[in-house]
1. Hey, can you tell me all the residues within the stretch 131-142 that are in contact (Cβ under 8 Å) with a residue 24 or more places away in the chain, within 15 Å of ILE98 (Cα to Cα) and either exposed (fewer than 15 other Cβ atoms within 10 Å of the Cβ) or touching a helix residue (DSSP H, G or I) at 6+ places or on another chain (Cβ under 7 Å) (or both)?
2. Can you give me the number of residues within the stretch 84-109 that are in contact (Cβ under 8 Å) with a residue 12 or more places away in the chain and small (Gly, Ala, Ser)?
3. Quick check: anything in the stretch 102-111 closer than 21 Å to TYR44 by Cα, of a type in the set (A, V, I, L, M), crowded, with 19+ Cβ neighbours inside 10 Å and in contact with a strand residue (DSSP E or B) (Cβ under 8 Å, 6 or more places away or on another chain)?
4. Can you tell me which of LEU58, LEU76 is surrounded by 15 or more Cβ atoms within 10 Å (Cβ to Cβ), within 20 Å of MET137 (Cα to Cα) and not acidic (Asp, Glu)?
5. If the Cβ limit is 7 Å and pairs must be 6+ apart or interchain, which residue in the stretch 33-54 that is of a type in the set (Gly, Ala, Ser) pairs with which residue that is modelled with pLDDT under 95 and surrounded by fewer than 17 Cβ atoms within 10 Å (Cβ to Cβ)?
6. Consider ASP128 against the criteria (1) surrounded by fewer than 16 Cβ atoms within 10 Å (Cβ to Cβ); (2) touching a Leu at 6+ places or on another chain (Cβ under 6 Å): it satisfies all of them except one. Which criterion is unmet?
7. I'd like to check something: does the stretch 26-48 contain any residue that is closer than 21 Å to SER92 by Cβ and surrounded by fewer than 17 Cβ atoms within 10 Å (Cβ to Cβ)?
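The values are calculated or read from the model by the stated rules, or taken from the named source; none is laboratory data. Only a predicted model underlies this, so the values are computations on that prediction, with no experimental measurement involved. Cβ coordinates were reconstructed from backbone atoms using ideal geometry, including for glycine residues, and neighbour counts include every protein chain displayed.
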Amino acid sequence: MLNKRGKELIIYKIIMTQSGKILIVDDISSHLLLLQTILQDEGYKTEITDKPKNVINLILQNEYQVILLDVMMPGLDGFQVLEKIRNHEKLSYVNVIIVSAKTDSWSIKNAMDLGAFDYITKPINIQDVRNKVKSAMIESIL
């Protein structure tokens with residue numbers, strides 16, 4: 001009989017081999033590439049975009065399990081994108097992790113109130129990214 005940790009590892013391996021698709025949204029290419037490298041090294045399938053206005057269509061076309069979303073972007077900011085995701089009836093399954101240089105309590109609370117799964121502050125901690133994405137992936141199939 002498997003313990004809780006054993007079951008989580010099995011679920012995680014299933015996610016990694018069958019889906020594990022992540023969209024990374026940031027207007028700064030070096031941030032996109034850093035996050036993409038970290039997550040691809042973990043075995044995830046990743047796609048990147050620097051166009052927040054395209055996020056809803058990308059999610060609908062590709063069924064991502066997790067979105068890593070920057071806050072400070074031109075046009076639509078990450079809070080507005082998150083709100084659009086949460087207000088779309090077909091996208092309630094997507095776990096959104098905010099990745100931002102904003103470390104003030106209002107920004108973090110606002111993200112969580114809007115339905116973010118978690119919040120990662122910049123500069124990023126690689127292990128923090130790995131752990132939070134793994135948790136979001138597991139949550140996406142439970």
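1. So the first thing to find is which residues in the stretch 131-142 are in contact (Cβ under 8 Å) with a residue 24 or more places away in the chain, and the list is 132-134, 136-142.
When the remaining residues are screened for being within 15 Å of ILE98 (Cα to Cα), the result is 132-134, 136-137.
Hits for the stretch 131-142 are VAL133, LYS134, MET137.
2. The total comes to 3.
3. no
4. Within the list LEU58, LEU76, the selection yields LEU58.
5. Close Cβ pairs (under 7 Å, with a partner that is modelled with pLDDT under 95 and surrounded by fewer than 17 Cβ atoms within 10 Å (Cβ to Cβ)) amount to GLY43/MET16.
6. (2)
7. Yes, because at least one residue in the stretch 26-48 is closer than 21 Å to SER92 by Cβ and surrounded by fewer than 17 Cβ atoms within 10 Å (Cβ to Cβ).
Matching residues to (1) under 17 Å from ALA101 (Cα atoms); (2) not β-branched (Val, Ile, Thr):
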site	(1), (2)
ASP27	yes, yes
SER30	yes, yes
LYS45	no, yes
ILE48	no, no
LEU60	no, yes
GLN65	no, yes
